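Shown next, in C-alpha cells, is the structure this report addresses.
Here, each number is a calculation from the coordinates, and none is a lab measurement. None of the values given here were measured: they were computed from a predicted structure. Using ideal geometry, Cβ is built from the backbone for each residue, glycine included, and neighbour counts are taken over all protein chains shown.
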Amino acid sequence: MKKTRFIMKRIVQILPMLLVVSALAFTLSNLSAGNAAEIVIMNQGGQVTPESVAAVKKELGLDKPLYIQYFVWLGKVCTLDFGVSFRSKLPVLDEIRQRFPATLSLILCATLFSILLAVPTAILSARYKNKWIDHLFRVISTAGASIPDFWLGLILLYAFAVQFKLVPVIAGNKLQNIFLPAFTLSLGYAAIYTRMLRTNLIEIMKLNYMKAARAKGLSESAVLIKHGLKNAVIPCLVLVGNNIGSLIAGSFACEVIFSWNGIGKFAIESIKIKDFPVIQGYVLSVAFTFIVINLIMDICYAYIDPKIKLD
C-alpha cells in the first residue's frame, strides 16, 4: 500500500510540470519572430498576400485568441496529435517517432562509454588516493567536465575524419559510425561519475565492514572492488539514469556536428524555418521523456536504498 501510494504521488506530480512545459512551449514558439501563416504559404510555394494569409490563419485556427489556440492544441496533444509539420506535411508524432531510435541509440552508447570510463578510473583514483595517479585522473576529470560538447566534437571530427580519415565526416545513422558522437557526449558525464564514485569509495573505505574485510586478509584492491564498489555505485546509478534525460535534451549540438539524424538535429532544422508544430512537439516529447526517466529513477532509488522513506 505504501509503495503504491508513493508511486501514485510521484505520477500526480508529473501533471503540473507537463502542463507548465506545454504552456511555455506553445507560448514562446508563437511569440517568436515570424508569422506562421506566411511560413506555411512560403513552404507551399505560394504567394504571400493578405488574402492568402487570412485564409491560412482561418484554416489553422490562428485567427483565434492565443489562449483559445492553446487549449485547442492542448486537447489534441492529449490524444497524441501534435499537429502536422509545415515543411514535410507529415504528422509531427510520426516525424519524432522515426528519428527517436537514432537519438536513443546515441544516448545509450554515450551512457555505456561514460560508465566504462568512470568505473576503473574512480577505482584507481580511490585506491591510490593523493598519489600521482589520483592527481592525474582528477585533473583529467576536471578538464573533461569543463570541455563543451560542441567544441570537443569539432576537434574530434577534424582529427579523425579530416586529418586521419578514419571515420566519415557525415555519420548518418549507421551504428559503425556512432563512436565519435557517443564519445563526445560521454566525456563530460564520465568525468562527473568519476568524481562522484571516487568520493563515495573513499567514504566507504572508512566504514567498519571495510575494516573487517581487510582484517580477513583481503588486499586493498579486493576490498575496494568486492565490498566497496557495490555500495558506492548506488547513488551513481541514479545519477546515470537521471542524466539520460539530460543527454536526450542536450544531444542536439552533437547530432548537428556529426550529422546524426536524431530528434535534436531535426529540431534545429525546424527552428531555422520556424516549423512551430515540430518545435512544440519536440519540447514536449523531450520534457516528457526527461520527467518519466527521473520518476523511474526516483522510484528505483527509493526501493534500492532502505534509508529513503516511501512517503
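Some observations on this one:
- Listed cross-link partners Lys89/Lys274; Lys165/Lys265; Lys57/Lys272 are compared with a 19 Å cut-off, the Cα-Cα value being larger for Lys165/Lys265; Lys57/Lys272.
- Counted by neighbouring Cβ atoms within 10 Å, the residues Leu112, Leu180, Leu62 run from fewest to most as Leu112, Leu62, Leu180.
- Each stretch of four or more DSSP H residues adds -39500 (n - 2.57); spread over every residue of the chain, this sum gives -24000 deg cm²/dmol at 222 nm.
- With neighbour counts taken as other beta-carbon atoms within 10 Å, the residues Leu15, Leu106 rank, fewest first, as Leu15, Leu106.
- Neighbour-count order for Glu51, Glu269, Glu255, fewest beta carbons within 10 angstrom listed first: Glu51, Glu269, Glu255
- Relative contact order of the chain, defined on C-alpha pairs under 8 angstrom at six or more residues apart (%): 26
- Within region 235-257: backbone nitrogen closer than 20 Å to the Val292 label point (7 Å, Cα to C-beta): 238-252
- Selection among Leu237, Ala215, Ile296 by position relative to the dipole of region 201-311 gives Ala215 as farthest towards the positive end (Cβ unit charges, Cα centre).
- Cross-link reach is defined here as a Cα-Cα straight distance under 14 Å, omitting same-chain residues fewer than 8 places apart; for Lys131 none of the aspartates and glutamates meet it.
- Rounded to the nearest 20 debye, the dipole magnitude of the chain is 1520 debye, with +1 charges on Lys and Arg beta carbons, -1 on Asp and Glu beta carbons, and the Cα centre as origin.
- Kyte-Doolittle mean at least -0.5 and Cα axial length at least 30 Å: DSSP H helices in the chain: 2-31, 92-127, 179-204, 276-304
- Using only alpha-carbon positions in the chain, the gyration tensor eigenvalues give semi-axes of 46, 26, 13 Å once each is multiplied by 5 and square-rooted (largest first).
- Prolate/oblate/rounded label for region 12-113 (Cα gyration tensor, a/c 1.5): oblate
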